[in-house]
Structures are given as C-alpha cells and as structure tokens.
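Let me begin by presenting the structure, written as structure tokens, before commenting on it.
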Amino acid sequence: MTTQPPPYGNQPAYGQQPPPPLPPAPAQPGFGPPPPQYAYAPASPQPHVSGPEFMAVDRHNSIVVDTQGVAFEDHGMSADFPWQEIRSVHYKATPSGKALMVAVVLPDGRFYECVVEAKPRARLGEWFAQLSAVLGYYRPTGW
C-alpha cells in the first residue's frame, strides 16, 4: 500500500479541495470608477441624431464626415474632430488627380489632413459630389 506525501503548507490533501470561489457580486449603480470618456462620447446622453454621412476609404486611410464631425484614419492612426472644434474643412484632388485630400483647420490655426486614393479614378468625382453635399449640410455657410 502506498501512502501520499503530506500536503505542502496549509493546502488540503488531494481530493479534498475547497469549492471554487463565488463570482464577484455585480456593482451597485453609482459605485466604482466613472465610465471612460471617448472622443465621440458626449458628456450627457443625447438622442441619436441622424444626418448625411460621407466615407472615403482606401487600403491604408479613411475619411468619415458625419453628425459627430470629421474622422481621419491614416495607416492605423486615427484622429477625431468634433464639429465644435473645427474652424473649417477643405478638400481637393491631389496634383496627380488620383486621390482626395481633406484638411481640417482648428480654431488655433493647426490643421490636419488625410489623403485617400480613388480607385478607379472616376470615384474621385463621386466623392467630390457627396462630400460637397454633406459639408453643405453641416456647414451651410462654408466655415
């Protein structure tokens, strides 16, 4: 007959394990850290507002204009600009005529731009028409 070695420290012998611990109780409202704030999250809940949207995407970059503002993604890096922080938005074709360039100008004079390649090239004309209409909706005076 073989004997098992004594348990190490204050562990129970094999086969006599205690039950697993219970999961933590759900937190009560109002307790714990505040929820994280996001660039697009308003300070207080607001009803969803719908409006026109524009999106241009290529393999590496994207430009989105919607009710929240303008968002750029450039090779995995993103920047969000809410309408309240934008002085103006400008757009044009690249000198080669193969891509859309969009620039956001902030009140302090800083500007950010993103370039999205249009494939096929005819898509660039479609983007111009869509972007003009969407910007006209959110910025009727052109600012």
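The values are calculated or read from the model by the stated rules, or taken from the named source; none is laboratory data. Bear in mind that the values here come from a model prediction, so they are computed numbers and not experimental data. Here Cβ is always computed from backbone atoms with ideal geometry, including for glycine, and neighbour counts include all displayed protein chains. For the accessible areas, the whole protein counts, side chains as well, though only heavy atoms, and no ligand, DNA or RNA atoms are used. Shrake-Rupley method; radii C 1.70, N 1.55, O 1.52, S 1.80 Å.
Miscellaneous remarks
- Gain in span if fully extended, Thr67 to Thr141, counting 0.36 nm per residue against the direct Cα distance: 25.0 nm
- Figure note: Thr94, Thr141 ranked by solvent-accessible area, largest first, 1.4 Å probe, ligands and nucleic acids not counted: Thr141, Thr94.
- Probe 1.4 Å, all protein chains present, accessible-area order of Phe111, Phe81, largest first: Phe111, Phe81
- Model label sites at Arg121 and Trp83, defined 7 Å from Cα along the beta-carbon direction, differ in position by 3.6 nm.
- Net lengthening on full extension, Glu53/Thr94 (0.36 nm per residue, minus Cα-Cα): 12.5 nm
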